[in-house]
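Quick note: the coordinates plus some simple rules give every number you see, no bench work behind them. These figures come from a predicted structure and were not determined experimentally. Here Cβ is always computed from backbone atoms with ideal geometry, including for glycine, and neighbour counts include all displayed protein chains.
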Amino acid sequence: MDLSNSSPVITDPVAISQPLLGGLPSNLMQFSVMPGGYSGSGMNVSVSRLKIEEALVNGLLDAMKSSSPRRRLNAAFGQDNPSDEDPAYSAWMAKCPSALASFKQIVASAQGKKIAVFLDYDGTLSPIVDDPDKAVMSPVMRAAVRNVAKYFPTAIVSGRSRSKVFEFVKLKELYYAGSHGMDITASPANYEHNAEKCKQANLFQPAREFLPMIDEVTKSLLQVVSGIEGAAVENNKFCVSVHYRKVAEKVKTGPHLFLFCFQATASSSDNVASCLQDWELVARLVNEVLEAFPRLKVTNGRMVLEVRPVIDWDKGKAVEFLLQSLGLNDTEDVIPIYIGDDRTDEDAFKVLRQRGCGFGILVSQVPKETQAFYSLRDPSEVMEFLNLLVRWKKHSM
Ligand SMILES: O=P(O)(O)OC[C@H]1O[C@H](O[C@H]2O[C@H](CO)[C@@H](O)[C@H](O)[C@H]2O)[C@H](O)[C@@H](O)[C@@H]1O
């Protein structure tokens, strides 16, 4: 199917025609969004539909398994808290050193320049917890972010809806990019939902035309996963998360049950749900739902499948957009620092690498393939880093 006919260049007329910090500069017009390709390669008509489905489900399942931190942790280290003495870990640290240990180098490169700070939310400012609604930010972390924002332009770039992440962060002085960067306010405190206020706000929402589709797919996803113990669906406005953190990876079945499940798979999803409550079932059902939504794709985060529009827009593009709209686009003068823990943050790390200025900091306790320059182990180290930045800035003023 050719998407170029069904969806030409998608732009946000309201956002583009709205003033953005005193008027959208003409160079921001480049931020129109072209439809991207499909996430799967299901367009090859010579491959049977069944094979395509299996490949998609298996691909999704592999991604789900490989994104399980405990699995990787155990595989890599056989322990929960890798130490610098572990050769695999120290090899990774040599490639992606601690931003705390490298703090002097970081600030030396920022000497005489402006720093702009971009922060992911889950896993970066708040520890990962089982219940997404309970991922609150500690008061000390909030104080650290508030202080950072006093000295540096600071933005939150999250997969959550903008309103939800604001509920957690509660700081009006920041810029917010929700829904993986598909919902940006380039003025602090424009977090209102009210339609009239939204119109006046400096909003950039490149996937606005997908709103009804996202609501529809949310309903379908809620319906199909309702029978899976532990699965949850979270509507993030321009994208949807299907959480499987609390779903058993594989329900242990005896030979009889296995046979029943196998037969049930061939006949009805409802029957399958009653016996195969595991990750494979989640992958299968999400994939099935998405067959009816060819303009949506699925990616994998930390124990979450993220359903989102097939558009060429991500956290990296959101960072570029914010830098430009905030007048921070001069690569000679501005050092953007992006801190994040997730695969979706890699898009932002990549952008900073390509610009040749600024750097990404990956929050991770385990070695990961990354475009980030530095690492921090967990949110408490993120807080330490933010506090150091503030202290350095105060002393250098
Ligand atoms: O870009 P982020 O701010 O990191 O958002 C990415 C997803 O974060 C949330 O899920 C993750 O954190 C949850 C709470 O700790 C955890 O339960 C879940 O397993 C993680 O994947 C959020 O709930 C998702 O909607 C975001 O897409």
Subject >> Full-stretch length increase - residue 58, residue 387 - with 0.36 nm per residue and alpha-carbon distance subtracted >> reply: 114.1 nm
**OP:** For every other residue with a beta carbon closer than 11 angstrom to the beta carbon of residue 384, add +1 if it is Lys or Arg and -1 if Asp or Glu, then tell me the sum.
**Re:** 0
**OP:** Starting from the Cα-Cα distance between residue 378 and residue 211, subtract it from 0.36 nm times their residue separation and give me the gain in nm to one decimal.
**Re:** 56.8 nm
Subject >> Protection proxy ranking, peptides 133-143, 154-164, 380-390, average beta carbon neighbours within 10 Å, highest first >> reply: 154-164, 380-390, 133-143
Original post:
What is the extension gain from residue 223 to residue 288, computed as 0.36 nm multiplied by their sequence separation minus the C-alpha to C-alpha distance, in nm to one decimal?
Top reply: 22.2 nm
